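Beneath this line is the structure, given in structure tokens, with notes to follow.
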Amino acid sequence: MKTYSQKGSEIKREWWVIDAKSMPLGKLAVVIADKLMGKSKVTYTPHIDNGDYVVVINAKDLVVTGNKMVDKKYYRHSGFPGGLTELKLEEVIEKDPAVAIRAAVKGMLPKNKLAADRLTRLRVFDGAEHAHTAQNPKEIK
């Protein structure tokens, strides 16, 4: 019996939509990363990017457990001395909730050359409306 290895010409991508208020941020990121990598498909091949597109709606209503809204911090640095900026999760969600979701999903993806392409297939929207209804996305419960 031979091991199946998918070729680039055999890739079939699907569209999925998931509601951000349906589960906590960490569990949401796991489900999204799984779909972006294509690990839920029987044709999964580690070195081929055969993942699907994921649309996240209601990002403004993001759910976290415990005190993470106040305790969880996001850091960025300007590159200049003393240029470290620190934001709490509640400030990040108020400013742009897509940043919190993208950071969580990026942490769940493997650190390789395919990660950037996988992350571009993630679309995050603040409200319940999204611009990808023409693709007929399936809903993830």
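The values are calculated or read from the model by the stated rules, or taken from the named source; none is laboratory data. Computed from a predicted model, the values in this text were never measured in an experiment. Neighbour counts are summed over all protein chains in view; Cβ atoms, including those assigned to glycine, are modelled from backbone coordinates with ideal geometry.
When the stretch 12-28 is filtered for residues that are part of a loop (DSSP other than H, G, I, E, B) and either out of contact with any Ser or Thr (no Cβ under 9 Å at 6 or more places or on another chain) or surrounded by 16 or more Cβ atoms within 10 Å (Cβ to Cβ) (or both), the ones remaining, listed by number, are Arg13, Glu14, Met23.
Yes or no: Thr3 free of Cβ contacts under 8 Å to residues at least 24 places away in the same chain, among the polar types (S, T, N, Q) and out of contact with any helix residue (DSSP H, G or I) (no Cβ under 8 Å at 6 or more places or on another chain)? Don't jump to the end; show me each part of the working.
Numbers: free of Cβ contacts under 8 Å to residues at least 24 places away in the same chain: yes; among the polar types (S, T, N, Q): yes; out of contact with any helix residue (DSSP H, G or I) (no Cβ under 8 Å at 6 or more places or on another chain): yes.
Taking the combined requirement at face value, the residue satisfies it.
Which of the residues that make up the stretch 1-51 are among the aliphatic types (A, V, I, L, M) and more than 19 Å from Gly107 (Cα to Cα)? If you could, list the steps in order and put the result at the bottom.
Restricting attention to the stretch 1-51, the residues satisfying the condition of being among the aliphatic types (A, V, I, L, M) are 1, 11, 17-18, 20, 23, 25, 28-33, 36-37, 42, 48.
Within the stretch 1-51, Met1, Ile11, Val17, Val42, Ile48 meet the criteria.
Flag: Ala29 matches the condition of being farther than 30 Å from Ser9 by Cβ and either in contact with a helix residue (DSSP H, G or I) (Cβ under 8 Å, 6 or more places away or on another chain) or free of Cβ contacts under 8 Å to residues at least 12 places away in the same chain (or both). The set of residues in the stretch 34-63 being touching a Lys or Arg at 6+ places or on another chain (Cβ under 8 Å) and either of a type in the set (Val, Ile, Thr) or farther than 16 Å from Asp126 by Cα (or both) consists of Leu36, Met37, Ile48, Asp49, Asn50, Gly51, Asp52, Tyr53, Val54, Val55, Val56, Val63.
Does Val70 count as under 17 Å from Glu91 (Cβ atoms) and modelled with pLDDT of 95 or more?
Values: under 17 Å from Glu91 (Cβ atoms): yes; modelled with pLDDT of 95 or more: yes.
Yes.
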